[in-house]
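The values are calculated or read from the model by the stated rules, or taken from the named source; none is laboratory data. Bear in mind that the values here come from a model prediction, so they are computed numbers and not experimental data. Quick reminder, even Gly has a Cβ in these numbers, built from the backbone with ideal geometry, and neighbours come from all protein chains shown.
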Amino acid sequence: MRFHYVILLTLVTSVARINGMFVVKQSKVNTVNLMDRSIAEIQRGVFTNRFLRIYDENGEERAFGIKSIPGAEKISSYLNKQKLAKYLKKDKDTDAVFAKLKLNTAGEKLFESPKFLAWAKYVDDYNTKNPDKAKSMLPTLMTQYNDEALSKMLEAAKQVESTKSVATKLQSEQMTIWKKADLSADALFKIYKLDDGVSNLLANPAINIWVRYADEFNPGTKTTLFDTLRKHYSDETLSQLLIAARKVPSTEKMAVDLQNKQIRVWLDKLESPETVFKFL
């Protein structure tokens, strides 16, 4: 068995090194048709309460805070502090302040705007002053963007130090809504069209969103990325996807891990090196 494994591993590694660019072949497995419903339709009628709290790594509920975000205090050049204080004194609605800052015209560049941090701090100050009517930022954002677009914007904002904290918290709130709507990990996989055989699959930002949701929020049967990929792609197609992903630094580690899992499956099935070679 060990010798058999070595042969398979050597074969896969060799092909991964010499194989050039490829076109992803059409999956040979039958998959469920894409759902006609979008995330927004799945959630319709679900968002009736404000999701004002999230959970830490230990599962304990904690308040949504903004003050720890790097750069949140450095906003004086973007909004007059006296005006902010005036708004706060009058308990000006957080949605209205969002519009005053013209963040409703920021489009996909929202989280790149320093004014977003100004608004985030205002929401935090508003909630501190009015704990009995605290507001979440997420409902405001949901009126500006559909769920797919917002989730990808949040994932991108998580990669930037100044917005990482707030984006992670907002993503948690969004995923909490999905969970309350009983959105399964498999349904989310289809909504993001990750089952369509797209090239550079592992480089798709939606993969990271899916992995976090499946690991932390999935209301259904627990699953893994590898199991889900096998469900939607043939051995040959998946193998080609992973070989290509190994050539990209940003996806190499994930690809190697998934490739090792695939080799273990082949070993369990006692696939011969000749058969495996056909997959490559």
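In the stretch 101-113 there is no residue matching the filter, namely being under 24 Å from the mean Cα position of the chain (by Cα), under 19 Å from residue 211 (Cβ atoms) and surrounded by 19 or more Cβ atoms within 10 Å (Cβ to Cβ). Can you find even one residue in the stretch 189-210 that is closer than 22 Å to residue 136 by Cβ, aliphatic (A, V, I, L, M) and not assigned by TED's automatic domain parsing to the domain that holds residue 136? Checked against the condition, which is being closer than 22 Å to residue 136 by Cβ, aliphatic (A, V, I, L, M) and not assigned by TED's automatic domain parsing to the domain that holds residue 136, the stretch 189-210 yields at least one hit.
Report yes if residue 94 is touching a helix residue (DSSP H, G or I) at 6+ places or on another chain (Cβ under 9 Å), closer than 29 Å to residue 207 by Cα and not basic (Lys, Arg), otherwise no. I'd like the intermediate steps shown before the answer.
Numbers: touching a helix residue (DSSP H, G or I) at 6+ places or on another chain (Cβ under 9 Å): yes; closer than 29 Å to residue 207 by Cα: no; not basic (Lys, Arg): yes.
So residue 94 does not fit the description; no.
Scanning the stretch 220-232 finds no residues that are loosely packed, with under 15 Cβ neighbours inside 10 Å, within 19 Å of residue 155 (Cβ to Cβ), of a type in the set (Val, Ile, Thr) and outside the structural domain of residue 170 (by TED's automatic domain parsing).
For the stretch 136-166, which positions are farther than 18 Å from residue 204 by Cβ, part of a helix (DSSP H, G or I) and of a type outside the set (Val, Ile, Thr)? First the steps, then the outcome.
Looking only at the stretch 136-166, we keep the residues that are farther than 18 Å from residue 204 by Cβ, and these are 136-145, 160-166.
This time we only want the ones that are part of a helix (DSSP H, G or I), so: 138-144, 161-166.
Correct list: 138, 139, 141, 142, 144, 161, 162, 164, 165.
The criterion of at least 1 residues that are closer than 22 Å to residue 196 by Cα and at pLDDT 90 or above is met by the following helices (runs of 4 or more DSSP H) wholly inside the stretch 210-280: 225-232, 235-245, 249-268.
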